[in-house]
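Since the structure comes first, as C-alpha cells, the remarks are kept for the end.
The values are calculated or read from the model by the stated rules, or taken from the named source; none is laboratory data. None of the values given here were measured: they were computed from a predicted structure. Here the Cβ positions follow ideal geometry from the backbone for every residue, glycine too, while neighbour counts run over all protein chains shown.
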Amino acid sequence: MSKPVATQAAIVATDEAPTYSPQVLRGLGLKVDEYERILELLGRAPNFTELAVFGALWSEHCSYKSSKKYLKTLPTSAPWVIQGPGENAGVIDIGDGLAAVFKIESHNHPSFIEPYQGSATGVGGILRDVFTMGARPIALLNALRFGDPSHAKTRSLVAGVVAGIGGYGNCVGVPTVGGECQFHACYNGNNLVNAMAVGIAQADKIFYAKAAGIGNPVVYVGAKTGRDGVHGATMASAAFSASEQASRPTVQVGDPFKEKLLIEACLELMNEDAIIAIQDMGAAGLTSSACEMASKGGIGIRLDLSAVPLREADLQPYEIMLSESQERMLMVLKPEATAKAQAIFAKWDLDAVVVGSLIAEPVLEMQWHGESAGVIPIAALVDEAPQYDRPVAALASPSQQPVTLTKPVAILPALQQLLASPNLASKRWIWQQYDRHVGVNSLSDSGAATASDAAVVRVTGTRKALAMATDCNPFYGAADPYIGGAQAVVESWRNLVASGAKPLALTNNLNFGNPEKPEIMAQIKAAVTGIGDAARALDYPVVSGNVSLYNDTDGVGIYPTPVIGGVGLLADYSQRLSMALTQSGLSLVQLGSSCDGWLGRSQYLLTVEGQEAGAPPPVDFAAERQVGELVLALNQQQRLAACHDISDGGLLVALAEMWLTGAGTDAANALPLNVQLTPDLPASDAGFWFGEDQARYLVATLHPDQVLAAAAEAGVPALLLGQTTAVAAAGGTAGETVGKLTLPDGQSITRAALQTIHESWLPAYMQG
Amino acid sequence: MRAAVVVFPGSNCDTDVVTGLQTVLGIAVDRLWHKQTHFDAAYDLVVLPGGFSYGDYLRCGAIAAHSPIMAEVKRHAERGGYLLGICNGFQILTEAGLLPGGLRGNAGLQFICRDVALQVANRNSPFTCALPNADLTLPIAHHDGNYLIDDDGLKRLQDQDQIALTYTTPVNGSVANIAGVLSANKRVLGLMPHPERAVDQAVGNTDGREIFLSLQTTIGA
C-alpha cells in the first residue's frame, strides 16, 4: 500500500471515457437505466472495475431492490431482540448473559447447477454469517424443495444436494439437526436449498460489521482468491434459461476444513481485544464486505488489490473484487493487536494479510500495483442502490371454496398411500447422511424416541436448550400467498411449542419467481404481509432473513415458498417434549380447532384424489396462540407424555408419525404398543382424518381428565381419540408380538407393515 | 489416571472426548496440539478423536498419520501407554501402522449417522473389561468405516483376540462386521463408533460410559 491516494479527478483525467454496450451491462447484471444512474452519481463514466462493483452491489441479491419496500413492514423488535435484520445474522437474548445468533440463507441457483458444491457452500456461507458475530455455531438445519420425482434431473439433484450439505456440515463439526424436504413439479427447473445456522454467543460480546478508526488496518483472512463465484450475486439475481450450464464457472467450491480452521481462529481471536469490525466475504465477495463495513461506519476504505492472496496469478482487479471464493473473512483490527492476530492465524495455518486501511473520505478506493483501479463513493454503492416499487398485479383471487368430499373414504388405504407419498414418506435416507450428534448436545434425534417437532439442542454448560425448526407449505402459498406466509409462521411456532419451547424469534427465506412480473410481486407482497401479521400476533419477530428471487426457468416460476426458521427457548431441557409414543395407557387427545375437515390444498387431496384445488386452510392467530399457550401450560404441569403438531396429512398422519417414531414399544417393559382409536369417531370421513385445519396439536397423556378439563377452562376444543395399550395387555391372541393400529371401522395394520410403507419410498426412489 | 486428547486441524470431536472423560471419570484432561513433537511420558491414556484431520481430502487419516505429534504417539504406544482412536482416530491409527488393516469408504458410498448394535467380542481388554454382559448400542457417524483386512490378518486378529467390537448386523461393509480392533498387546483400541457421544443421559444413551470406566478399572483412578 504505497502510492498516494488517487483522486477522482485523476481518474477522470487519465481514463478515456469508456462506453459499455447493453450486453456488457447485462453481463454485470445492470440494466441500461441503472447505468444512467451510475453516470449521474459519479459524474463520469466508471471504469470496468468500478462498473463491476456497481453491478454486484446493485444486484437483487445484495440490494434487496425489489423486496425492501415490503421487508420494511415486518415486525423486528421485542424486548429480547438484541439485533434485528441488517447485520450478518439476528441475535436474541436467551438469559444468563447468553445470546442465540441465527439466520437462514438460500443457495438455490448454485445448487441446481452443481448440486454438491452449491449446497455445500450454502452451508459454509450461513455458518460464516453466524460465527462472524462472535457465536459458536451449534446447529444446522435446512429446507429443501425438489422437482417432481419423475423429472429426469430430480434424483441426481437430491443425491448431490444431500451429499453436499452433509459433506460440509459433517466435516466442519456442526450437527445438522433438522430440516424438511418436499417435491413438486414447480421446482423442476429451480430446486430450493435453504440452509440455517444457529450459534451461541456471550450477549455482551457480539461482533458487528461497523468499521471505525481512520488508519486502522483492514485484514484479509482465510482462503486465497480465485475465479470461482465471479458474478455469483448477479447469477442469483437472474432467471435461468435452459442453457444455464454456461453459469457453471460461477459456482463456488467449498473447503469445510478451511472453514473449521477459520471458525476456531476467529473465535480464539474474538477472546482477545483485537477486532473492531468483522464481515465474511459472502455474495459479491470483497466488494460487499468492504463496502458494508465502510457504509456502517460512515467512513471510507482503501484496498490494495495487489496484496490480496491469489490462487491464480492473472486475476484482474474486477475479478478480485467480485470473486466469491469461499472461507474468507475481512476484518478491521486494532493496530496494536495485529501481531497477536497474525500469531493466532499462523497457529491455525491461515493466511492473514493487511490489504487496506480505513480512510476518512467515505469512498471505496481500489489500488492495483501502485495505480488507482477506481474510486467510488460508498453512498453511491450502498445508499443509492436502486429501490424498485415494481408493478404489483392484483392477486389472482384465491379460491375461497372449501373442498368437501361427501363420498365415504376407506381410511386405512388412504393412510398407507399418504405415508408412502414423496412429501410425507420418511426422510431417513436424507438425515442419516448428516452427523446429527457431534457436540453431544442434540437432545432430540430424528426417528428416535427423543424426536420432536423441532430439534432441541442443549446450550453447553447450562440447563437451557434451544428448539429450532424450518417450515413452509408451498401448496398453500400457491393458492393464496398470504396464507402461505402466515401459515409458515404459525406452523414453525407450533413446532417449537410442541417441543416444549417458548417461541422467541424467526428468520425467513423468501423464495419466489421473477419480481419483474407483476403477478410475482403480488405474491411477494401478500406473503410478506402474511408473515408480518402472524409474527406480530404471536410476538415472534423477524430478526434476520434472505430473499431469493428469479426462481424462474423458461418463464415458469416456483410456488411462493417463504420458508420460516423458528427458534425457541427451553429454560430447562427437562421440559422438552418428544413426539414418540413410549408408554401404554396413554390417552390421545386432539387439542384445538373444531376440525372442519379442511381438505383444500391438502396432501390427501393431492395424493389420493390427484388434485390441487380449493382454498388452503384459514389461519387464526388468536386460536393458534390460545391452543399453543395451553400446550405449554400443560407441559409445565407435566401432564403431557408426547406432543405433535397436526399439519401436512392431517390428524391420522400425525398419529401414525407419533407411533412410528422411536421403538414403538412401552419403554417400561419393551412390549409393543397398540394404538386403539375410539369406535364412535367418524369412520370414513376423509376431512376428519386428513383435513389440514390449523391450530391443532395431538397430545398423548396419562391424565386425560385434567387435560380435557384444562382445555375446557381455556375454551380450547378437545377431542379424545383413543389409547395406547401394550400388546400383552390388549387381550391379543396368544403369541402376538406386534403392535397394531386399529381404526374406528375395525380395520387394523401392524406397526411393522406401516413402517415399511413409510420408510420405503425414498430409498427405493434413490436406488432408481 | 492422566489423559490427553490430541487436536489435529480438522478434529471436531476433541471437545466431546475431553468433556466425556471429565464427566465420566472425574479427571482433568489435557489437549495436545498436532505440531508438538513431544509430550509428557506420564500420560496413561492418549486419545485420537474423531473429525476430518487435515480435511481428509486424501485417504482418511493419511496426512494426520505423518503429523509432527505422531512420532511421540508411537513412542507412547511403544512404552505401553494406552491409546484410543475413535472414528477418524481409528483411521489415523491404521494409517500410522499402530493397528492392522485399513478403513475404506462405506459399502453404500454414503455417510452414515445412526445408532448401531454392537457385540463385544473381547471382554477382557483394558477398554472393555467393565462392560456389562450384553450388547452395546453406540452412535456412528462416518463415511469411511469399512474395515478391510486380508484373510491372514483376520486370522491373526481372531487368534490373538484382537477384535474388540463387531456390528451385530452389516453396517458399512466391514470384514467380519468389525467395528473395533485392538493391538496385539491390547493397549491400543481403534473403533468407529463414538463412545463419547453416549455418556450423558440427556441424549438418551449412556452405553459409552463403560468403555471409559473400563480404562479406569484397568489404570486406576
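I'm trying to understand the selection: among the residues of segment A:163-178, which are within 19 Å of A:I263 (Cα to Cα) and at the interface with another protein chain (Cβ under 8 Å from one of its Cβ atoms)? Across segment A:163-178, the qualifying residues are A:G166, A:G167, A:N170, A:C171, A:V172, A:G173.
I'd like to check something: does segment A:179-189 contain any residue that is within 14 Å of another protein chain (Cβ to nearest Cβ) and touching a Ser or Thr at 6+ places or on another chain (Cβ under 7 Å)? Lay out the reasoning, then the answer.
We begin by selecting, within segment A:179-189, every residue within 14 Å of another protein chain (Cβ to nearest Cβ); these are A:179.
If we keep only those that are touching a Ser or Thr at 6+ places or on another chain (Cβ under 7 Å) as well, we get A:179.
Within segment A:179-189, one or more residues are within 14 Å of another protein chain (Cβ to nearest Cβ) and touching a Ser or Thr at 6+ places or on another chain (Cβ under 7 Å).
If the condition is being more than 27 Å from A:G134 (Cα to Cα) and of a type in the set (D, E), then segment A:305-345 contributes A:E312, A:D314, A:E319.
For segment A:410-479, which fully contained helices (runs of 4 or more DSSP H) count at least 3 residues that are over 30 Å from B:D200 (Cα atoms), touching a residue at least 60 places away in the same chain (Cβ under 8 Å) and more than 14 Å from chain B (Cβ to nearest Cβ)? Break it down into steps so the answer makes sense when it comes.
Details: elements: A:411-419, A:428-431, A:474-479.
By residue number, A:411-419, A:474-479.
Take the conditions of a type outside the set (G, A, S), outside any helix (DSSP H, G or I) and surrounded by fewer than 24 Cβ atoms within 10 Å (Cβ to Cβ) and apply them to A:E324. Does it pass? No; evaluated as a whole, the condition is false for this residue.
Residues are listed down the side, and each one gets a yes or a no for (1) among the polar types (S, T, N, Q); (2) surrounded by fewer than 16 Cβ atoms within 10 Å (Cβ to Cβ); (3) at pLDDT 95 or above:
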| position | (1), (2), (3) |
| --- | --- |
| A:A683 | no, no, no |
| A:V707 | no, no, yes |
| A:T724 | yes, no, yes |
| A:A734 | no, yes, no |
| A:I749 | no, no, yes |
| A:Q755 | yes, no, yes |
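Considering only residues in segment B:185-221 that are of a type in the set (D, E) and within 14 Å of chain A (Cβ to nearest Cβ), the one that is surrounded by the most Cβ atoms within 10 Å (Cβ to Cβ) turns out to be B:E196. It is to be established whether one or more residues within segment A:416-438 are crowded, with 24+ Cβ neighbours inside 10 Å and in contact with a Leu (Cβ under 7 Å, 6 or more places away or on another chain). Yes, segment A:416-438 contains at least one residue that is crowded, with 24+ Cβ neighbours inside 10 Å and in contact with a Leu (Cβ under 7 Å, 6 or more places away or on another chain).
Would it be correct to say that B:V171 is assigned to a strand (DSSP E or B), away from chain A (no Cβ under 11 Å) and at pLDDT 95 or above? Walk me through how you get there before you give the answer.
Details: assigned to a strand (DSSP E or B): no; away from chain A (no Cβ under 11 Å): yes; at pLDDT 95 or above: yes.
Answer is no for this residue.
Residues considered: A:N88, A:N108. Of these, the only one that is buried (at least 24 other Cβ atoms within 10 Å of the Cβ), at pLDDT below 95, among the polar types (S, T, N, Q) and within 18 Å of the chain's Cα centre (by Cα) is A:N88.
Taking segment A:535-571 as the region of interest, how many residues are aliphatic (A, V, I, L, M) and either touching an Asp or Glu at 6+ places or on another chain (Cβ under 9 Å) or within 12 Å of A:L510 (Cβ to Cβ) (or both)? Total satisfying the criteria: 8.
Pairs linking a residue in segment B:77-97 that is at positive phi to a residue that is surrounded by fewer than 24 Cβ atoms within 10 Å (Cβ to Cβ) and assigned to a loop (DSSP other than H, G, I, E, B), with Cβ atoms under 8 Å and 6 or more positions apart or on different chains, are B:G80/B:N185; B:G80/B:R187. Any residue that is of a type outside the set (K, R), in contact with a strand residue (DSSP E or B) (Cβ under 6 Å, 6 or more places away or on another chain) and not in a helix (DSSP H, G or I) - is there at least one of those in segment A:334-348? For segment A:334-348, residues of a type outside the set (K, R), in contact with a strand residue (DSSP E or B) (Cβ under 6 Å, 6 or more places away or on another chain) and not in a helix (DSSP H, G or I): absent.
Among the strands (runs of 3 or more DSSP E) confined to segment B:1-95, the ones with at least 3 residues that are crowded, with 18+ Cβ neighbours inside 10 Å are located at B:3-7, B:45-48, B:82-86.
Residue-by-condition table, conditions (1) within 14 Å of chain A (Cβ to nearest Cβ); (2) closer than 19 Å to B:D144 by Cβ; (3) not small (G, A, S):
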site: B:V18; (1), (2), (3): yes, no, yes
site: B:Q22; (1), (2), (3): yes, no, yes
site: B:D30; (1), (2), (3): no, no, yes
site: B:H34; (1), (2), (3): yes, no, yes
site: B:F39; (1), (2), (3): no, no, yes
site: B:G55; (1), (2), (3): yes, yes, no
site: B:E72; (1), (2), (3): no, no, yes
site: B:A77; (1), (2), (3): no, no, no
site: B:G81; (1), (2), (3): no, no, no
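Filtering segment A:506-513 for residues that are under 21 Å from A:Q626 (Cβ atoms), touching a helix residue (DSSP H, G or I) at 6+ places or on another chain (Cβ under 7 Å) and modelled with pLDDT of 95 or more leaves a non-empty set. Could you check segment B:105-144 and list, in sequence order, the residues that are in contact (Cβ under 8 Å) with a residue 40 or more places away in the chain, out of contact with any Ser or Thr (no Cβ under 9 Å at 6 or more places or on another chain) and of a type in the set (A, V, I, L, M, F, W, C)? Scanning segment B:105-144 gives B:I112, B:L136, B:L138, B:I140, B:A141. Among residues of segment A:564-591 being small (G, A, S), under 28 Å from the mean Cα position of the chain (by Cα) and surrounded by 20 or more Cβ atoms within 10 Å (Cβ to Cβ), the one that is farthest from A:A425 (Cα to Cα) is A:G568. Is it true that some residue in segment B:141-162 is under 16 Å from the mean Cα position of the chain (by Cα) and β-branched (V, I, T)? The answer is no; no qualifying residue exists. All conditions in (1) free of Cβ contacts under 8 Å to residues at least 12 places away in the same chain; (2) under 15 Å from A:L418 (Cβ atoms) hold for A:Q638, with the sole exception of (2). The single condition from (1) surrounded by fewer than 17 Cβ atoms within 10 Å (Cβ to Cβ); (2) closer than 18 Å to A:V53 by Cα that A:P335 fails is (2).
Determine whether B:Y43 is touching a residue at least 40 places away in the same chain (Cβ under 8 Å), facing chain A (nearest Cβ under 10 Å) and aromatic (F, W, Y). When the stated conditions are applied, B:Y43 does not pass them.
Take residues that are without any contact (Cβ under 8 Å) to a residue 40 or more places away in the chain and in contact with a helix residue (DSSP H, G or I) (Cβ under 8 Å, 6 or more places away or on another chain) and tell me which of the strands (runs of 3 or more DSSP E) falling wholly in segment A:680-768 contain 2 or more.
So the answer is none; nothing clears 2.
If you go through segment A:277-300 and keep only what is outside any helix (DSSP H, G or I), at pLDDT 95 or above and either more than 16 Å from A:V353 (Cα to Cα) or over 32 Å from the mean Cα position of the chain (by Cα) (or both), you end up with A:G298, A:I299, A:G300.
Please work out if A:A711 is at pLDDT 95 or above, out of contact with any Cys (no Cβ under 9 Å at 6 or more places or on another chain) and surrounded by 15 or more Cβ atoms within 10 Å (Cβ to Cβ). Yes, satisfied.
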